Amino acid sequence: MTTSSHTPVLIIGSGPAGLTAAIYAARAGYTPTVVGGYEFGGQLMLTTRVENFPGFPDGIMGPELMTAMRQQVENAGAKLVDRNVSKVDFSSRPFRIYVEDEEYVADAVIIATGASAKWLGLESEKRLQGRGVSSCAVCDGSFFKDQDVVVVGGGDVAMEDSLYLSKIAKSVTVVHRRDKLRASHILQQRAFTQPKIRFVWNAVVEEILGEKKVEGVKVKDVKTGQVSVIRCSGVFVSIGHQPNTELFKNYIQLDEKGYAVAKERTMSSVEGVFLAGDVADHVYRQAVTAAGSGCMAALDAVRYLEVTRGHQ
């Protein structure tokens, strides 16, 4: 292992939360290190046009937005490391973060590793991501105005997405593998009484149809084995998200779904370790809210460093 590198603030994650945190920490004079991983930029790197991030009246492509944010971080003086964190040790201060064969020592850590959408695991699903396949109705729903869309899932997220899309799309078809929903009663009632929403029960999506864009889905009845095709322009996979917290489970408090728990503002259960973005947010999950929480986490980390250094 190479010699340890010391940094006052180490940020894990390179989505809107991590990069915004880096900008604020750098501007406060605490030159941060951002360990962004090999897959830089977070979920926005998988999206096409982003039309709900303030400041871009004509929208901006997701990768373009993240590239611009990265440049802003570099201009602010932060150090970017495009490798993955292999393990952490928050048991004592300063904290130790291991990036493959290199050890980093940090006085404060901001966790901004986000959450990953759960997918169906189909080749056609991956191929058509950004071409009609999405995991975020709020992000991409506006592209399907007056068109037919399919929502896959039966929980709260699926019903929230379906209700949101029903205000935009021509029709919403919910494909669910069981014969009843797992969503809360109030969401079920709203969905059942929305005339634009229909349900296909006991069915799984076997394939998403289309070459360059989504043209439909092939579904299979799990009881009869019968296969049918539903024509649509968009498919929203709404089976939940998995927070990227595996690295931290032995050190910080997580809730029953694996999301990091903030104890005081953005501070985790470990003093000096802060949380930003979707890693601690299973409600909003938007780029702008992630960026805002990155600002908050950085300001909290700076205050923490000022207080702790003042007591030394």
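Out of Ser269, Gly15, Ile230, whose Cα points farthest toward the positive end of the dipole of the chain (charges: +1 Lys, Arg; -1 Asp, Glu; placed on Cβ)?
Looking along the dipole axis, the top candidate is Ile230.
Compute the angle between helix 62-76 and the longest alpha-carbon principal axis of the chain, please, reported from 0 to 90 degrees and rounded to the nearest 10.
Roughly 10 degrees, rounded to the nearest 10.
With θ taken as phi - 60° and the coefficients 6.51, -1.76 and 1.60, list the Karplus ³J(HN,Hα) couplings across the range 88-98 in order, rounded to whole Hz; mark glycine and proline as x.
Karplus values, whole Hz, x for Gly and Pro: 10, 9, 9, 6, 8, 9, x, 6, 10, 10, 10.
What's the magnitude of the charge dipole for the range 27-145 around its Cα centre, counting Lys and Arg as +1 and Asp and Glu as -1 at the beta-carbon? Answer in Debye, nearest 20.
Computed charge dipole of the range 27-145: roughly 280 debye.
For Thr245, list long-range residues whose amide hydrogen, built 1.01 Å from N in the peptide plane, is under 5 Å from its own amide hydrogen.
Amide H neighbours of Thr245, under 5 Å, 5+ apart: none.
For Gly240, enumerate residues with amide H under 5 Å from its amide H, sequence gap 5+ or separate chain, H modeled in the peptide plane.
Result for Gly240 returns Lys118.
Based on a Kirkwood Rh over C-alpha pairs, give the Stokes-Einstein translational diffusion coefficient of the range 1-144 at 4 °C and viscosity 1.567 mPa s in µm²/s.
Result for D is 79 µm²/s.
Could you order the peptides 292-300, 264-272 from most to least packed, using the average number of other C-beta atoms within 10 Å per residue?
The densest-packed peptide leads the list: 292-300, 264-272.
Along the range 33-49, what does the Karplus equation 6.51 cos²θ - 1.76 cosθ + 1.60 (θ = phi - 60°) give for ³J(HN,Hα), rounded to whole Hz, x for Gly and Pro?
My calculation for the range 33-49 gives 10, 9, 9, x, x, 5, 9, 5, x, x, 5, 5, 5, 9, 9, 9, 7 Hz in order.
Assign unit charges at the C-beta atoms only (+1 for Lys and Arg, -1 for Asp and Glu), then state the dipole size of the range 119-237 relative to its Cα centre in Debye, rounded to the nearest 20.
180
Suppose every K and R has +1 on its Cβ and every D and E has -1 on its Cβ; what is the size of the dipole of the chain about the Cα centre, in Debye to the nearest 20?
880
Kindly point out, ordered by number, any Cys in the chain whose beta-carbon has no other cysteine beta-carbon under 4.7 Å away.
Cys232, Cys295
For P(r) over Cα pairs in 20 Å bins from 0, in percent, the listed values are [x] 31, 57, 11, 0; [y] 26, 49, 22, 3, 0; [z] 32, 50, 18, 0; which was obtained by calculation from the structure presented?
Evaluating P(r) over Cα pairs in 20 Å bins from 0, in percent on these atoms matches [z].
I'd like the Karplus ³J(HN,Hα) series for the range 207-218: coefficients 6.51, -1.76, 1.60, θ = phi - 60°, whole numbers in Hz, and an x wherever there's a Gly or Pro.
Listing the rounded values in order: 7, 9, 8, x, 9, 9, 7, 5, 10, x, 10, 9 Hz.
Using only Cα atoms and rounding to the nearest 10 degrees, what angle (0 to 90) does helix 156-166 make with the longest principal axis of the chain?
Roughly 60 degrees between the two axes.
Just for the Cα atoms in the range 179-312, what are the lengths along the principal axes, largest first, rounded to whole Å?
The Cα atoms of the range 179-312 stretch 70, 36, 30 Å along their principal axes.
Sorted from fewest to most neighbouring beta carbons within 10 Å, what does the list Val307, Val88 look like?
Val307, Val88
At a threshold of 8 angstrom on Cα-Cα distance, excluding pairs fewer than six apart, so keeping six or more, what relative contact order does the chain reach in percent?
For the chain, the relative contact order is 21 percent.
Show which lysines lie in cross-link reach of Lys218 when reach means a straight Cα distance below 21 angstrom and same-chain residues fewer than eight apart are skipped.
Lys118, Lys126, Lys170, Lys180, Lys196
List His6, His241, His282, His185 from most exposed to least, where exposure is judged by having the fewest other Cβ atoms within 10 Å.
His185, His6, His282, His241
If the cut-off is a Cα-Cα distance under 12 Å, which aspartates and glutamates reach Lys220, setting aside same-chain residues fewer than 8 apart in sequence?
Within the straight-line cut-off, Lys220 pairs with Glu206, Glu207.
Considering only DSSP states other than H, G, I, E and B, which GluC sites (Glu not before Pro) in the range 15-102 qualify as loop sites with at most 14 other Cβ atoms within 10 Å?
Qualifying residues, ordered by number: Glu39, Glu51, Glu100.
What is the diffusion coefficient of the range 119-237 in µm²/s, taking the Kirkwood radius over Cα pairs and the Stokes-Einstein relation at 37 °C with a viscosity of 0.692 mPa s?
235
Positive end of the dipole of the chain, charges at C-beta (+1 Lys, Arg; -1 Asp, Glu), about the Cα centre: which of Val34, Ser5, Asn244 has its Cα farthest in that direction?
Of the listed residues, the answer is Asn244.
Bear in mind that the values in this text are calculations on the coordinates, not laboratory data. These figures come from a predicted structure and were not determined experimentally. No Cβ is skipped: glycine too gets one built from the backbone with ideal geometry, and neighbour counts run over all protein chains shown.
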